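Okay, structure first, notes after.
A short reminder: the numbers here are calculations on the coordinates, not readings from a lab. It should be emphasised that the depicted structure is a prediction, and the values quoted were computed from it without experimental measurement. Quick reminder, even Gly has a Cβ in these numbers, built from the backbone with ideal geometry, and neighbours come from all protein chains shown.
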Amino acid sequence: MNTFTYLFLTLLGLSLLTEVWLAARHIRYIAANRNTVPEAFRSKITLADHRKAADYTIAHTRFGRIENAYGTGLLVLWTLGGGLDWLDQMLRAIGWGELATGVVFILSTLVIMGLLELPVSVYQTFVIENRFGFNKTTPRLFLADTIKQALLFGILGAPLALAALWLMQEAGELWWLYVWLLWSGFTMLLVWAYPTLIAPFFNKFKPLKEGTVRERIQALLERTGFRTRGIFVMDGSRRSAHGNAYFTGFGKTKRIVFFDTLLEHLNEREIEAVLAHELGHFKRRHVIKRMLLTFGISLFGLALLGWLVTQSWFYSGLGMSQPSMHAALMLFMLIGPVFTFFLQPLFAWGSRRYEYEADSFAADQTDAAELVSALVKLYRENASTLTPDPLHSVFYDSHPPATLRIAHLTGKT
């Protein structure tokens, strides 16, 4: 083992210990507040619903500790355990060229990783979600979704891997810049194609029916100057009882999507307020800012990889006996989260700030009290805990805790 191996193991161990410690804090804090509904919610959330949310969050957090340990073990086996090196040597023995070997190596690794992580998804869906009454997915539907995801992965992933590795091998010292342009273009293509080509592969989308809800939404869109290709209802109830709403696409493919489960629980004023919050993300340019941040991080990462591919210690320190472009790319993808783990609070802070800004926009365009009412219903129906551990929330949560978010909105009523 070289110095880079020790650095990798140290950061990996610190990450896992931090995850375990934060999870333990989170569980203790929620359990300590399980029998007391926060004062701001006592007239709106029953003690039974509050306890259900606490138990649901604790169940997910406990399983999350097992999942993190499992993922850490797999990462060590892939790298220092020789898993990637074994797969690479086996494929090289077939005698294909470097490019073909690289593509098959990357796709095979990702497929095997997906199969190894499948039990986690099965347990979350058919045990935890079932226990709390949220799962609507049948084994047949789960299998169909898995097969569809595999097909999409092959259709989209194989050409991308082929193009990226060809650039890495043939485009000279600035290959990382060309790969970044390829990745950025591919990302934009997916954002454009998702609403009309990819999402319908998994769910059914129907235009929102004519009526007062649609009229209220159209009025909101007109006064905020937002143009969309349509307002749709998605059959989210086929898979889960959780409710949500989102925007997707850009340019002429932008569309508004409501889960049918959300429409069942909210009245028309609350639906308008939730939509206004989502509009706030667009009007405050959060989507563009997040995309630019992602592109900036990926550019930095690929530039760093452009240097790492020339360093023998990078390969040997992570269990690879033979340097190659495809090995470097796969190793970088695997260990990247380990080296960026402690940046999570910074990204979470930025996301929470955007949520406050979107809430403020919604309060300006609609009645803040209606958004408060909608959020309380969503917290209840989705069994979202009202009492997360503050430090756990700061580290992970992309949305502010319920009490802080409601307090922020209440000040605007």
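Some notes on this structure:
- Other-chain or far-sequence residues with amide H under 5 Å of LYS136's (modelled H): SER240, ALA241
- Local net charge near ALA31, Cβ-Cβ under 14 Å (Lys/Arg +1, Asp/Glu -1): +4
- Residue-wise HN-Hα couplings along the range 6-23, as the Karplus relation 6.51 cos²θ - 1.76 cosθ + 1.60 with θ = phi - 60° gives them from phi, are 5, 5, 4, 5, 5, 5, 5, x, 5, 4, 5, 5, 5, 4, 5, 5, 5, 5 Hz; Gly and Pro carry x.
- Computed about the Cα centre, the dipole magnitude for the range 44-201 is approximately 860 debye when only Lys and Arg (+1) and Asp and Glu (-1) carry charge, each at its Cβ.
- Given charges at Cβ of Lys, Arg, Asp, Glu: the range 200-329 dipole, positive-most of ILE256, TRP313, ALA328: ILE256
- Summarising the label geometry, the points placed 7 Å from Cα in the beta-carbon direction at LYS148 and PHE205 lie 1.3 nm from one another.
- Alpha-carbon centroids, the range 5-26 and the range 137-205: separation in whole Å: 31
- Residue exposure sequence - ASP88, ASP364 - by fewest surrounding Cβ within 10 Å: ASP364, ASP88
- The range 55-86 and the range 247-324 have their alpha-carbon centroids 23 Å apart.
- Computed over the alpha carbons of the chain, Rg followed by Dmax gives 23.4, 70 Å.
- Residue among THR212, PHE186, THR410 farthest towards the positive dipole end of the chain, charges placed on Cβ: THR212
- Distant-in-sequence amide H partners of VAL233 (H built 1.01 Å from N, under 5 Å): LYS206, LEU208, PHE258
- Cα-based helix-to-principal-axis angle, 98-123 vs the chain, degrees rounded to 10: 40
- The H on the amide N of TRP96, modeled in the peptide plane, is under 5 Å from the matching H of no residue at least 5 residues off or on a different chain.
- Relative to the longest principal axis of the Cα atoms of the chain, the long axis of helix 268-283 makes an angle of roughly 40 degrees.
- Using alpha-carbon coordinates, inclination of helix 212-224 to the longest axis of the chain, degrees: 70
- ³J(HN,Hα) computed for each position of the range 146-160 - Karplus, 6.51 cos²θ - 1.76 cosθ + 1.60, integer Hz, glycine/proline x: 4, 5, 4, 4, 5, 4, 4, 4, x, 5, 8, x, 4, x, 5
- Extended-chain gain in nm, criterion 0.36 nm per residue less alpha-carbon gap, ALA158 and GLN311: 52.4 nm
- Shape category assigned to the range 128-277 from the gyration tensor of Cα positions, a/c cut at 1.5: oblate
- Shape category assigned to the range 1-140 from the gyration tensor of Cα positions, a/c cut at 1.5: oblate
- Net length gained if the chain between THR138 and ARG92 were fully extended (0.36 nm per residue, minus Cα distance): 12.5 nm
- Greater than 20 Å apart at Cα, pairs in LYS44/LYS377; LYS44/LYS283; LYS254/LYS289: LYS44/LYS283
- Applied to the range 228-239, the Karplus parametrisation 6.51 cos²θ - 1.76 cosθ + 1.60 on θ = phi - 60° returns per-residue 3J(HN,Hα) values of 9, 7, x, 10, 10, 10, 9, 7, x, 5, 5, 10 Hz, with x for Gly and Pro.
- Anisotropy class of the range 348-401 from Cα gyration tensor, a/c 1.5 cut: oblate
- Contour excess over end-to-end distance, with Cα ends at ALA407 and PHE339 and 0.36 nm allotted per residue: 20.9 nm
- Judged by the mean number of other Cβ atoms found within 10 Å, the most tightly packed of the peptides 265-271, 209-215 leads the ranking 265-271, 209-215.
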